[in-house]
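Down below is the structure, laid out as structure tokens.
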Amino acid sequence: MDVLGNTDLAIAMRGVTKIFGPDPQSALALMRKGKSKDEVQAETGHVVGLDDVTLDVEKGQIFVVMGLSGSGKSTLIRHVNRLIDPTSGEIVVDGADVTQMSLDQLRTFRRTQIAMVFQKFGLLPHRSVLDNVAYGLEIRGIKKAERLEKAAHWIHVVGLSGYEKVRPRQLSGGQQQRVGLARALAMDTEILLMDEAFSALDPLIRSGMQDQLIELQSSLNKTILFITHDFDEALKIGNRIAVLKDGAVQQVGKPEEIVLHPANEHIEEFVRDVNKARAIHVRTIMDRTNLEPCELMVPEDARCEDVLPLFAEHKWVGVANAEGKQIGQITAKQVITALARYSPDVPTQ
Amino acid sequence: MFPQLFDTRPMRRSVDEALNWVVRNWGGELEAAAFPLLMLLSSIERLLIAIPWWAVIGILVGLAWLATRTWKLPLIVFVSLMFLGVMELWRDAMVTTALMLTATLTAIVISIPVGVWMSRSTRVRQIVTPVLDLMQTMPSFVYLIPTVMIFGPGKIPALLATIVYASPPLMRLTDLGLRNVDPAVMEASRAFGDTPTQRLFGVQIPLALPTILAGVNQTTMMALAMVVIASMIGAGGLGYQVLQGIGRLEVSRGLFAGLGIVVLAIVFDRITQAYGKRLQARFGLSEVR
């Protein structure tokens, strides 16, 4: 149980506000009096980065924070390991309030409890891939033989075996980000922060990296806080998604909740262009009452896009839970209705 | 005429008297303090003169080859050094090289920490920068005279003057190099919980090294530019030959000794630059030719 009385929370942010400028406290006082961010900026020249952000990230989740550029999402993730100090609010990670840590405690926290992957990779150009992956362990004070062994292992896991002696600049963007990922994974921390980790990559490579991340997550079961501006990416990898705009959280929920019930116009704009077949899980729309035997079963975390091709051969398919027991079935008609119903552009009746 | 606003003579007199006081009361101590520098200079000088000429040429040609892996630069270095030997300037060239190397080494020891300090604090930078401007623009005779008064004519004032003139570019470029280190790399290192020392030696200095090396190159060049002035107060070497050439109206002596200085400058400039380029290529900042 942590100081806030919550169990199983890896990261809890409570009323986190960040104001950039020479005198953030006076600007904060103005905001507390009910002035809007634009008014505060016009009056004092202070920029509001985060506006009263409250988030709960459960252990073992991939929690995605989605927002356009300037929405404050990179600022948000940097609060979790305090690369940026908040103006006010609490950030509790694994039961400890990060904002109250001394510099020494903070250093130990960063070395042992949290690792980060960056959009711009942040690799050391003068070191080999092997030494880059070992860098975090070196900082932690792990002996050379041990850290190089671990580094070699994680280089193998991310699929870069054979590149150990190469320097980062000789690698492609995708390969460089694998090095960044291996460097973070080598720390073997419970929590992984990923700041637009795949945004700088080509679409195909990005998709491959997303698959790899999901696969890694299923075997490692870490808590991952993932930042992206790409709604499709958020839907693909996120267990939960928070949508951020102008530094404030607009909506938090499961991917399909956001697709099916967008909280406001801003989110609806994202949803309109989204691939709904990817966002909607079959279990949310399946028929739970009709359990007649069927030729084919899909797992309950299958998405509409996974079952669509099956309807070419089958009238319906069953949905099975983790133990392989049938819990429902789904027809092509149900899927089509689900995909059509939530399109605001298409009249429903 | 500019009107006399107040009498400046007492002020001038007090400056002169202060210097005299320092010379009288602290001359011995200051000389003792500078003694290690003198030791360094004379041991480098003795070493360079003791090593046979072909070995010196071999070492420098070898360094040039290691830096470029082509035969062009080693050839230039070889021809340049042969010129010094053939023109009977070898010993003077070694004396000058010793002065330059000592000044450069001392400048490195002083300037890199100052540069690091400047890069960490804007205030320090604001204070140090005008001092550096002063060091580079103040005519060297102005501070040569007091140093000669304190240490007497000889190698120490020559060395001090060279160090004062040659260290500013290294301080500036160390500061610049450290400030320009990619912030993304710095942030990544910070996120892994580094200590400031780990960041300085593991990230900042390695990434700033090409710029710092450019500063070392500038320092060697500035040090060579001071040799004629340094020889006026007893540094000897090629500068002294130039001085004698001027004094005796012996144009050839001045010309060849002057060319000798140019040749030394070319050798050390090209070698240090080649190492800088090699380093940059290692980082992938530029392509290897």
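Laboratory data are not the source of any read-out in this text; all were calculated from the coordinates shown. What you are looking at is a predicted structure, and each value in this text was computed from that prediction instead of being measured. Note that we place each Cβ from the backbone using ideal geometry, even for glycine, and neighbour counts take in every protein chain shown.
Mean per-residue shielding of peptide A:79-90 is 1, counting Cβ atoms of other chains within 10 Å of each Cβ.
For an R0 of 22 angstrom, estimate the FRET efficiency from the Cβ-Cβ distance between B:Met186 and A:Ser172 and round to the nearest 0.05. Once rounded, the FRET efficiency stands at 0.40.
Ellipticity at 222 nm from helices only: DSSP H runs of n ≥ 4 in chain B, each -39500 (n - 2.57), divided by the residue count, give -28000 deg cm²/dmol.
Counted residue by residue at 0.36 nm each, then reduced by the alpha carbon distance between them, the extension gain from B:Ile127 to B:Trp71 reaches 15.6 nm. Structure remark: mean-square fluctuation, Gaussian network model of chain B, C-alpha springs under 10 Å; the largest value among B:Val22, B:Val95, B:Val262 belongs to B:Val22.
Of the Cα atoms belonging to the protein assembly as shown, the radius of gyration and Dmax stand at 34.5, 117 Å. From most to least packed by mean Cβ count within 10 Å, the peptides A:312-320, B:135-143, B:265-273, B:208-216 give B:208-216, B:265-273, A:312-320, B:135-143.
Across all Cα pairs in the range B:35-283, the calculated P(r) in 5 Å bins from zero up to the longest distance comes to 1, 6, 12, 15, 17, 16, 13, 9, 6, 3, 1, 0, 0, 0 percent per bin. Counted by Cβ distance under 14 Å from A:Leu28, the other residues give a net charge of -1, where Lys and Arg count +1 and Asp and Glu count -1.
Evaluate E = 1/(1 + (r/R0)^6) for A:Glu313 and A:Asp211, where r is the Cβ-Cβ distance and R0 equals 41 Å; express this FRET efficiency to the nearest 0.05. Calculated transfer efficiency: 0.95.
Please give the peptides A:23-35, B:188-200 ranked by average Cβ packing (other Cβ atoms within 10 Å per residue), highest first, as a rough proxy for protection.
For the peptides A:23-35, B:188-200, the packing ranking is B:188-200, A:23-35.
Below 16 Å, Cα to Cα, which lysines can A:Lys73 reach? Residues fewer than 8 away in the same chain don't count. In chain and number order, the partners are A:Lys18, A:Lys120, A:Lys245. Taking all C-alpha pairs of chain A, those more than 37 Å from each other amount to 27 percent. Taking the alpha carbon gyration tensor of the range A:196-349, multiplying each eigenvalue by 5 and rooting it gives semi-axes of 28, 21, 14 Å, largest first. Take the alpha carbon atoms of the range A:224-259, find their center, do the same for the range B:44-116, and report the distance between the two centers in whole angstrom. Answer, in whole Å: 63. The B:Val22 and B:Leu249 beta-carbon pair, evaluated with R₀ = 41 Å, returns a calculated FRET efficiency of approximately 0.55.
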